[in-house]
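Student: There's a structure below that I have some questions on.
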Amino acid sequence: MSKHPNVQRVADALAAAGATGEIKILDEAVPTAAAAAAELGCEVGAIANSLIFDGDGSPVLILTSGAHRVDTAKIAAELGIAKLRRATPEFVKEHTGQSIGGVAPVGHPHQVRTLVDTALEQYGEVWAAAGIPHSVFPTSYKELLDLTNGTPVTVN
């Protein structure tokens, strides 16, 4: 089966990093944590949402548990920036090459500053998007930190 270019970039990044989880292509798009959890048969908290924020003009990727909302004021203060706001679809595409609903933790044109929700640590297996809204891959909290050079953070 031929892969979407975004999925191929994610697969290449995972392989280069030695990740062991295989990308799964789903029949239906799963653009939300709830939809992904229902499709995969796991807790919504085990879904690693890839949320891109605009941090004073620079992209910030927050991999948050599907059970959490990001406290943007708290995270902005921790990052030492004036404001952290949800990015526009155009900003997301520009910095990741991917569209909202399918943003993966890896496979971007350039390294994106990444924060990883410590709540994901409680799950032996977490699922992340793989570049398009109907692709996912299994991973772990530790592997997400390693893959993204991410910083652990409490998001709420």
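The values are calculated or read from the model by the stated rules, or taken from the named source; none is laboratory data. Predicted model only: the values in this text are computed from it and were never measured. Quick reminder, even Gly has a Cβ in these numbers, built from the backbone with ideal geometry, and neighbours come from all protein chains shown. These accessible areas exclude ligands, DNA and RNA; they are computed on the full protein's heavy atoms, side chains included. Shrake-Rupley method; radii C 1.70, N 1.55, O 1.52, S 1.80 Å.
Student: When the residues of the stretch 20-35 are narrowed to those that are among the β-branched types (Val, Ile, Thr) and within 23 Å of Lys142 (Cβ to Cβ), which ends up modelled with the highest pLDDT?
Tutor: Kept after step one, since they are among the β-branched types (Val, Ile, Thr), are these residues of the stretch 20-35: 20, 23, 25, 30, 32.
Retained after the next criterion (residues that are within 23 Å of Lys142 (Cβ to Cβ)): 20, 23.
On the way: Thr20: 86, Ile23: 96.
Filtering the stretch 20-35 for residues that are among the β-branched types (Val, Ile, Thr) and within 23 Å of Lys142 (Cβ to Cβ), the one modelled with the highest pLDDT comes out as Ile23.
Student: Anything in the stretch 33-53 that is surrounded by fewer than 17 Cβ atoms within 10 Å (Cβ to Cβ), touching a residue at least 12 places away in the same chain (Cβ under 8 Å) and not hydrophobic (A, V, I, L, M, F, W, C)? List them, or say none. Outline the logic, then answer.
Tutor: Within the stretch 33-53, the subset surrounded by fewer than 17 Cβ atoms within 10 Å (Cβ to Cβ) is 34, 38, 41, 43.
The next check asks that each one be touching a residue at least 12 places away in the same chain (Cβ under 8 Å); those that pass are 34, 43.
The answer is Glu43, and nothing else.
Student: Do you know which residues across the stretch 1-55 are of a type in the set (D, E, K, R) and more than 13 Å from Trp127 (Cβ to Cβ)? Walk me through it before giving the result.
Tutor: Step one: filter the stretch 1-55 for residues of a type in the set (D, E, K, R), giving 3, 9, 12, 22, 24, 27-28, 39, 43, 54.
Of everything in the stretch 1-55, those that are of a type in the set (D, E, K, R) and more than 13 Å from Trp127 (Cβ to Cβ) turn out to be Lys3, Arg9, Asp12, Asp27, Glu28, Asp54.
Student: For the stretch 3-20, does any single residue satisfy the condition of being out of contact with any Gly (no Cβ under 8 Å at 6 or more places or on another chain) and among the acidic types (Asp, Glu)?
Tutor: Taking every residue of the stretch 3-20 in turn, none turns out to be out of contact with any Gly (no Cβ under 8 Å at 6 or more places or on another chain) and among the acidic types (Asp, Glu).
Student: Next question, about the same structure. Of the conditions (1) at pLDDT 95 or above; (2) under 14 Å from the mean Cα position of the chain (by Cα); (3) not in a helix (DSSP H, G or I), Leu14 clears all except one; give me its number.
Tutor: Going through (1) at pLDDT 95 or above; (2) under 14 Å from the mean Cα position of the chain (by Cα); (3) not in a helix (DSSP H, G or I) one by one, Leu14 breaks only (3).
Student: In contact with a Leu (Cβ under 6 Å, 6 or more places away or on another chain), closer than 22 Å to Glu143 by Cα, exposed (fewer than 15 other Cβ atoms within 10 Å of the Cβ) and in contact (Cβ under 8 Å) with a residue 60 or more places away in the chain: does that describe Ala17? Reasoning before the result, please.
Tutor: Working: in contact with a Leu (Cβ under 6 Å, 6 or more places away or on another chain): yes; closer than 22 Å to Glu143 by Cα: yes; exposed (fewer than 15 other Cβ atoms within 10 Å of the Cβ): yes; in contact (Cβ under 8 Å) with a residue 60 or more places away in the chain: yes.
Yes: the conditions hold for Ala17.
Student: Has the stretch 36-48 got any residue that is of a type outside the set (Gly, Ala, Ser), modelled with pLDDT under 95 and not in a helix (DSSP H, G or I)?
Tutor: no
Student: Can you pull out the residues in the stretch 145-156 that are assigned to a loop (DSSP other than H, G, I, E, B) and not small (Gly, Ala, Ser)?
Tutor: Asn149, Thr154, Val155, Asn156
Student: Sort out for me the strands (runs of 3 or more DSSP E) sitting completely within the stretch 59-144 that have 2 or more residues that are surrounded by fewer than 24 Cβ atoms within 10 Å (Cβ to Cβ). Spell out the reasoning first.
Tutor: Working: elements: 84-86, 113-117, 126-129, 135-139.
The strands (runs of 3 or more DSSP E) meeting that bar are 84-86, 113-117, 135-139.
Student: Would you mind finding the one in Ile62, Ile75, Ile52, Ile81 that is farther than 30 Å from Lys3 by Cβ and in contact with a Leu (Cβ under 6 Å, 6 or more places away or on another chain)?
Tutor: Details: Ile62 fails: farther than 30 Å from Lys3 by Cβ; Ile52 fails: farther than 30 Å from Lys3 by Cβ; Ile81 fails: in contact with a Leu (Cβ under 6 Å, 6 or more places away or on another chain).
Going through Ile62, Ile75, Ile52, Ile81 in turn, the sole match is Ile75.
Student: Another question about this same structure. Looking only at the stretch 145-156, count how many residues are open to solvent by less than 20 Å² (accessible area, probe 1.4 Å) and more than 13 Å from the chain's Cα centre (by Cα).
Tutor: So the answer is 2.
Student: Also, quick follow-up: Please work out if Gln111 is within 27 Å of Pro5 (Cα to Cα) and out of contact with any strand residue (DSSP E or B) (no Cβ under 9 Å at 6 or more places or on another chain). Can you show your working first?
Tutor: Working: within 27 Å of Pro5 (Cα to Cα): yes; out of contact with any strand residue (DSSP E or B) (no Cβ under 9 Å at 6 or more places or on another chain): yes.
Yes.
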